Each structure stands twice: as C-alpha cells, then as structure tokens.
Amino acid sequence: MRLTLHTDYALRILMALARAPERTVSVDELARDFAVSKNHLMKVAQNLSSGGFAVAVRGRRGGLRLARPADEINLRAVAEHMEPDFHIAECFSGADCVFLPDCRLKSLLGQAKLAFLQTLGGRSLADISAPPGLAPPRPG
C-alpha cells in the first residue's frame, strides 16, 4: 500500500505545525523546508483546512496552524480525508477481473488495508510529532 504524495505532504505539514503550536507557519517556509513547490503545498494546505485539521490564517503574517491539539487529530481520519480512495488493487475500483467474484487475493488485500487503517486509527498526530529525544505520552 502506498499513500499519495498529497497525503505524505499533509502529514509532514501537520507534523511541522504540531512542533510549533504557538505560531503560524507560512506555506513558503514549509515549501522551503520540504524542498517542494509552494503551489503544490497550497493545494495540500487547502485540503487540510477543508478537513478541519488546519486553520488558514490570512494576511501578511498568514499561514497555517493546527485546528485543534495534536493529540485530537487522528491519523486515520487525516489519511481517509486526503486519499482519493484506498483502492490498493484495480479490483477494488470495480475493474473487470477474470478471478472475480471468487478471488482470494482481493479478500487478503482487503484485510491488509483494514489492518493499515486500524493501525493509523490508533494513533494521533502527537504520536508522530514529538521533537527528537522527547517521546509523546503513550495511550493508557
């Protein structure tokens, strides 16, 4: 399974925002830090804002900040919002296949996809954004 670059950048943006919760981070700064196109990150930022994960601040000192605390942002929710679909093989999108409807591979891949999403569902942004050397608190 592979996430799109759009989702990869979304998670990177959220991690950067979580590491600096006291300030607004500009898309220019993020583009420089990630060495990617500002235009591409603007699209990702807009998607994060529309999903309620980040807040866009307008103006000269504008940029992004988290919409809520990092421990309240679920990674599965982010991935599901950012990904256009989770079709990990063509048969998940309704494509014709000579092995359907009795394909055991589709069932196995479906289980793998569910396990992937369940793993993300058990984690928050706080779990992946603690500064190096400082581990986030573990869920009890």
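Just so you know, all these numbers are worked out from the coordinates, no wet-lab data involved. Not measured: the values here are computed from a predicted model. Note: ideal-geometry Cβ built from the backbone for every residue, glycine included; neighbour counts use all protein chains shown.
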For ASN39, net neighbour charge (Lys/Arg +1, Asp/Glu -1) across residues whose Cβ lies under 14 Å away: +2
DSSP H helices in the chain with Cα extent of 24 Å or more along the helix axis and mean Kyte-Doolittle hydropathy at least -0.5? 104-121
Given the chain reduced to its alpha-carbon atoms as identical point scatterers, what log10 I(q)/I(0) does the Debye formula return at q = 0.10, 0.17, 0.18 Å⁻¹? -0.41, -0.94, -1.01
Would you mind finding the longest exposed-site-free stretch of the chain, with exposed trypsin sites (Lys or Arg not before Pro) meaning DSSP loop and at most 16 other Cβ atoms within 10 Å? 62-122
From fewest to most C-beta neighbours within 10 Å, the residues MET82, MET15 line up as MET15, MET82
Within the set of other residues whose C-beta is less than 14 Å from the C-beta of ALA115, count the net charge using Lys and Arg as +1 and Asp and Glu as -1. +3
